[in-house]
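**Student:** My questions will all concern the structure given below.
The values are calculated or read from the model by the stated rules, or taken from the named source; none is laboratory data. None of the values given here were measured: they were computed from a predicted structure. Methodologically, a virtual Cβ is constructed for each residue, glycine included, from the backbone with ideal geometry; neighbour enumeration extends over all protein chains shown. Only protein heavy atoms, including side chains, enter the accessible area calculation; ligands, DNA and RNA are left aside. Shrake-Rupley method; radii C 1.70, N 1.55, O 1.52, S 1.80 Å.
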Amino acid sequence: MSNILEKMQEDLYNGRAEEVEAAAQKALDKGTPVQEILNEGLIAGMDVVGRDFRAGDLFIPEVLIAAKAMHAGLEVLRPLLAESGVPAQAKVVVGTVAGDLHDIGKNLVAMMLQGAGFEIVDLGTDVSPEKFVETVRAEGAELLGMSALLTTTMPSMKSTVEALTEAGLRDEVKVIIGGAPVTASFAEQIGADAYAADAAAAVDTARSLVA
Amino acid sequence: MASNKTKRPMLKYLSDSHIEQIHEGSLDILENTGIKVELEEGLEALDKAGAKVDHQTGRAKIPSELVARSLETLPRKFAYAARNPQKDCLMEPGGQLYSRTAGSPDFIIDIDTDEWRAVTVADVLEIYTVMDACDGISILTAAFAQEWPKLGRDILMLREMFDHTDKHIHLRTDTVETFPHMLEMAAIVAGGKEPLRERPIVSLLEGHVSPLRYIDVMVNALLLCGEYGIPLEVCCMPMAGSTGPVTMAGNLQLLNAEFLSGVVISQSAHPGAPLVYAPRPMLMDLRTGFSLAGSIDGEMAAVAGVQMAHFYNVPVSVHGQWSDSVLDDGQSILEHAYTALMGAFSGANILVGAGSLQETLSISLAQLVMDDEINKICFRALEGFAVDKERLGVDAIARVGPGGNFLADPHTVQFVRGERFTPELFYRGSVEGWVEGGRKTFRERAKDKARTILKEHKPNRLPEDIAKALDEYVSYAFESLEK
Ligand code: B12
């Protein structure tokens, strides 16, 4: 691996967005294949970040800063990636369900998923089943992530899963849910594909759902 | 003449200059960054009072002079009145400490199986019964059954509460539509809207969304509580690292600015409306993102928050028994003990949290009973002891002399009662006695006590005519909600 990519990994780990961006450009200028920069620079860098986060050595804000740096590098590569036919990132629609304004957990999960290479469509809070369905259809999303923090709003997750089925979209999209009062058995009960207890588990689960 | 009582212990972190810096920083935030207000009536009140309001964006910038004016009209002293006047709680800065249970759990640790499960209607009645029976608990806060309908569960909750306690009732409400009905119910029990204003037998806690966002429910609460004269705990809970600065001081400063903006909205619409400062500084767990409730850091920040309340000379509630534990176990007992003692020593008026777990997501009857005991320990610790000639007992010591004993000395007989607190749930005997008693742990003894209360305690029910009037009102309220 070139020195540039090695240094890129290190800068990414430390959240130095400008350096990562410059390195991506430099590597391209030197003729490094775009796929190699992506895999051996950015993705490999994020893998180290993910490993250390799981080990408890990195804190969430540090992971988010690293993810920002990765995205800065990715922006440089994006036009070339499209040209060279590298498959686009999986799209995830996320939102907090109708009647619920708690968005800290949802935002965190969205940021972590973005850091893990997913493309995020964030619908914000108080999102109706109709809005979820509409967006999943319009965006061609592979994943739908719903968050609820109130037991009074959890039923809206069920309504959304039902609305997806009615719209004929249930087989096109995987549904993952979370939030403090939500449990794995509730996910099973309403016919969601998965539940994740925290942001790290959300990333792992999302990856396995689209694999 | 000097008092024979020892001093009230007062825990303080902030120096006068720290307090000044936090106050100045808060004014800067309100004047230059401002707040977002998502209910037109709130914006109008602010506009009239002299804030710079942009009705399009909902942004309001609050000049320092308006903050000062609003602080002046805050009442310094009022009651959390009770249906039984002997159980009134008087709020005044630096005054007596009361305790209240934590707000709106709807999961419970099953007392028989230890399972974490949804709260049922039967549980709600048991929860209120235990809260009512514990005399270390001064004020009851709402708990919800998951079987109740989503819209109007707060109305049903209040109906049951009125029938299960004659202590002060602290409300939670879910929606802008249901809250006026709850106030009408309180007026029925109090004997009218004026008697309710005179003796508010209910109070509310409500919060904005940190940072600096006043959603409709909160603005509505500030306005309606003012209109009815119901005390409102202005709950400020920025979470260090996510919805607030990660630093202790920065998060506290944001929290304080948020409290002040609540004061301004309230006092602009209803000068003299009773408010309680409710600092609930939260921390994001940096590894999982969860919000931390039982952390030592959070309790330190809360104590500093109480100092800010004292600086503004307003009553204050502090979280006391808060924990992140998912079970009423060693962790929750430890967290509740230190948060409660620190909260008690802060000089706050209300210590909040008895019975709660996972912050306030779940509740346990055993924990309630244990926390009743922790409350009594806190009250005892605040009470201190007397130091005077009689109690010092130089004569008694002379009488007994070197090598004697005090067992049956007149001085001992004179003071044998009243010098000590005797806990109810602690086992302090021999190993043999403990084995003979069935090797019961602290937790099992707490469960036993809760079961006994459920068997024996009879709450002071509502008079029949009032109960009937309330039922009629509840039916009416549900009809109008359905429309
Ligand atoms: C902060 C907070 C608020 C803030 C919200 C600020 C915001 N911008 O979100 C404010 C003050 C506004 C608020 C308001 C209310 N709240 Co609130 N709130 C909380 C609190 C203290 C922390 C929630 C939080 O942000 N945690 C931190 C985040 C990071 O954790 P998280 O959301 O659980 O997310 C993690 C996982 O769950 C998971 N996850 C989350 N979402 C998703 C989604 C997917 C797809 C996946 C895979 C994973 C996942 O990953 C996340 C990261 O690890 C909880 C208490 C608690 N113990 O949870 C109460 C709590 C949730 N609130 C509660 C209540 C009752 C309310 C109010 C109704 C109170 C009121 N009467 O005003 C209002 C409701 C407003 C509304 N309509 O939504 C109750 C809910 C009770 C219940 N079981 O129904 C709780 C439990 C506290 C309580 N018992 O009183 N609240």
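**Student:** Looking at A:G168, is it farther than 30 Å from B:I215 by Cα, away from the ligand (no atom under 11 Å from the Cβ) and either aliphatic (A, V, I, L, M) or in contact (Cβ under 8 Å) with a residue 24 or more places away in the chain (or both)?
**Tutor:** Working: farther than 30 Å from B:I215 by Cα: yes; away from the ligand (no atom under 11 Å from the Cβ): yes; either aliphatic (A, V, I, L, M) or in contact (Cβ under 8 Å) with a residue 24 or more places away in the chain (or both): no.
Answer is no for this residue.
**Student:** Report, by residue number, each residue of the range A:75-101 that is within 20 Å of A:V203 (Cα to Cα) and either open to solvent by 10 Å² or more (accessible area, probe 1.4 Å) or acidic (D, E) (or both).
**Tutor:** A:P87, A:A88, A:Q89, A:A90, A:K91
**Student:** So for the range A:118-134 (the condition being buried (at least 18 other Cβ atoms within 10 Å of the Cβ) and touching a residue at least 60 places away in the same chain (Cβ under 8 Å)), does at least one residue qualify?
**Tutor:** yes
**Student:** Given the residues A:A197, A:A180, A:A211, which is the only one that is more than 11 Å from the ligand (Cβ to nearest atom), open to solvent by 20 Å² or more (accessible area, probe 1.4 Å), closer than 22 Å to A:F53 by Cα and small (G, A, S)? Break it down stepwise before answering.
**Tutor:** Values: A:A197 fails: more than 11 Å from the ligand (Cβ to nearest atom); A:A180 fails: more than 11 Å from the ligand (Cβ to nearest atom).
Exactly one of A:A197, A:A180, A:A211 is more than 11 Å from the ligand (Cβ to nearest atom), open to solvent by 20 Å² or more (accessible area, probe 1.4 Å), closer than 22 Å to A:F53 by Cα and small (G, A, S), namely A:A211.
**Student:** Could I ask something else about it? Please state which one of A:L108, A:L113 is within 12 Å of chain B (Cβ to nearest Cβ), within 16 Å of the ligand (Cβ to nearest atom) and under 20 Å from B:S242 (Cβ atoms).
**Tutor:** Working: A:L113 fails: within 12 Å of chain B (Cβ to nearest Cβ).
Criteria check complete, one pass: A:L108.
**Student:** Just to verify a result, which residue in the range A:183-194, among those that are open to solvent by 10 Å² or more (accessible area, probe 1.4 Å) and aliphatic (A, V, I, L, M), is nearest to the ligand (Cβ to nearest atom)? Even if it seems obvious, please write down each step before you answer.
**Tutor:** From the range A:183-194, those open to solvent by 10 Å² or more (accessible area, probe 1.4 Å) are A:183-186, A:188-194; that's our starting set.
Imposing the further condition that a residue be aliphatic (A, V, I, L, M) reduces the set to A:184, A:190, A:192, A:194.
Details: A:A184: 11, A:I190: 13, A:A192: 9, A:A194: 7 Å.
Checked the range A:183-194; the qualifying residue nearest to the ligand (Cβ to nearest atom) is A:A194.
**Student:** Moving on. Filter the range B:247-293 down to the residues that are in a loop (DSSP other than H, G, I, E, B) and within 14 Å of the ligand (Cβ to nearest atom) and list them by number.
**Tutor:** Kept after step one, since they are in a loop (DSSP other than H, G, I, E, B), are these residues of the range B:247-293: B:247, B:270-274, B:280-281, B:285-290, B:293.
Passing the criteria: B:R280, B:P281, B:D285, B:L286, B:R287, B:T288, B:G289, B:F290, B:A293.
**Student:** Further question on the same structure: List pairs: first residue in the range B:86-106 and under 25 Å from B:L74 (Cα atoms) and of a type in the set (S, T, N, Q), second residue open to solvent by 40 Å² or more (accessible area, probe 1.4 Å) and in a strand (DSSP E or B) anywhere in the structure, Cβ distance under 7 angstrom, at least six positions apart or on different chains.
**Tutor:** B:Q96/B:L90
**Student:** To continue, here is another question. Going through the range B:252-283 one residue at a time, which ones are within 14 Å of chain A (Cβ to nearest Cβ) and either more than 22 Å from the chain's Cα centre (by Cα) or buried (at least 24 other Cβ atoms within 10 Å of the Cβ) (or both)?
**Tutor:** Answer for the range B:252-283, where residues must be within 14 Å of chain A (Cβ to nearest Cβ) and either more than 22 Å from the chain's Cα centre (by Cα) or buried (at least 24 other Cβ atoms within 10 Å of the Cβ) (or both): just B:M282.
**Student:** Let me ask something additional. Considering only residues that are part of a loop (DSSP other than H, G, I, E, B) and touching a His at 6+ places or on another chain (Cβ under 9 Å), look in the range B:210-230 and name the one that is surrounded by the fewest Cβ atoms within 10 Å (Cβ to Cβ). If you could, list the steps in order and put the result at the bottom.
**Tutor:** From the range B:210-230, those part of a loop (DSSP other than H, G, I, E, B) are B:210-212, B:215, B:229-230; that's our starting set.
Pick out the ones that are also touching a His at 6+ places or on another chain (Cβ under 9 Å) and you get B:215, B:229.
Details: B:I215: 17, B:G229: 19.
Going through the qualifying residues, I end up with B:I215.
**Student:** Within the range B:160-188, can you find the residues that are charged (D, E, K, R) and open to solvent by less than 30 Å² (accessible area, probe 1.4 Å)? Can you show your working first?
**Tutor:** Let us first name the residues in the range B:160-188 that are charged (D, E, K, R), namely B:160, B:163, B:166-167, B:172, B:174, B:177, B:184.
Of everything in the range B:160-188, those that are charged (D, E, K, R) and open to solvent by less than 30 Å² (accessible area, probe 1.4 Å) turn out to be B:D163, B:D166, B:K167.
**Student:** Let me ask something additional. For the range B:42-131, give me every one of the strands (runs of 3 or more DSSP E) that falls completely inside it and has 2 or more residues that are open to solvent by less than 60 Å² (accessible area, probe 1.4 Å).
**Tutor:** Numbers: elements: B:52-54, B:59-61, B:78-80, B:89-91, B:98-101, B:107-109, B:116-118.
Once the strands (runs of 3 or more DSSP E) in the range B:42-131 are filtered for at least 2 residues that are open to solvent by less than 60 Å² (accessible area, probe 1.4 Å), what remains is B:78-80, B:89-91, B:98-101, B:107-109, B:116-118.
**Student:** To continue, here is another question. For the range B:195-224, which residues satisfy the criterion of being within 13 Å of the ligand (Cβ to nearest atom) and among the hydrophobic types (A, V, I, L, M, F, W, C)?
**Tutor:** Selection gives B:L204, B:L205, B:V209, B:L212, B:I215, B:V217, B:M218, B:V219, B:A221, B:L222.
**Student:** Going through B:M131, B:M161, B:M157 one at a time, which residue ends up being within 14 Å of another protein chain (Cβ to nearest Cβ) and of a type outside the set (S, T, N, Q)? Talk me through it step by step, then tell me what you get.
**Tutor:** On the way: B:M131 fails: within 14 Å of another protein chain (Cβ to nearest Cβ); B:M161 fails: within 14 Å of another protein chain (Cβ to nearest Cβ).
Sole residue among the options that is within 14 Å of another protein chain (Cβ to nearest Cβ) and of a type outside the set (S, T, N, Q): B:M157.
**Student:** Mind counting the residues in the range B:467-483 that are closer than 12 Å to B:G152 by Cα and among the acidic types (D, E)?
**Tutor:** 2
**Student:** Let me ask something else. Looking at the range A:1-92, what helices (runs of 4 or more DSSP H) fall wholly within it and have at least 1 residues that are under 17 Å from the mean Cα position of the chain (by Cα)? Break it down into steps so the answer makes sense when it comes.
**Tutor:** Values: elements: A:3-13, A:17-29, A:44-54, A:60-83.
By residue number, A:44-54, A:60-83.
**Student:** Starting from the range B:59-75, take each residue that is within 20 Å of B:G229 (Cα to Cα) and list its partners that are outside any helix (DSSP H, G or I), counting only C-beta distances under 7 angstrom and pairs at least six apart or across chains.
**Tutor:** Note: pairs meeting the criteria are B:T73/B:P271; B:T73/B:G272; B:L74/B:L275; B:L74/B:V314; B:P75/B:G272; B:P75/B:P274.
**Student:** Take the residues in the range B:427-440 that are surrounded by 10 or more Cβ atoms within 10 Å (Cβ to Cβ) and not in a loop (DSSP other than H, G, I, E, B), then tell me which one is nearest to the chain's Cα centre (by Cα).
**Tutor:** For the range B:427-440, the residue satisfying everything is B:W434.
Quick grid of which residues meet (1) closer than 30 Å to B:G34 by Cβ; (2) among the basic types (K, R); (3) under 18 Å from the mean Cα position of the chain (by Cα):
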{"residue": "B:S64", "(1), (2), (3)": "yes, no, no"}
{"residue": "B:P93", "(1), (2), (3)": "yes, no, yes"}
{"residue": "B:Y98", "(1), (2), (3)": "no, no, yes"}
{"residue": "B:I108", "(1), (2), (3)": "no, no, no"}
{"residue": "B:V121", "(1), (2), (3)": "no, no, no"}
{"residue": "B:A143", "(1), (2), (3)": "no, no, yes"}
{"residue": "B:L158", "(1), (2), (3)": "no, no, yes"}
{"residue": "B:F162", "(1), (2), (3)": "no, no, no"}
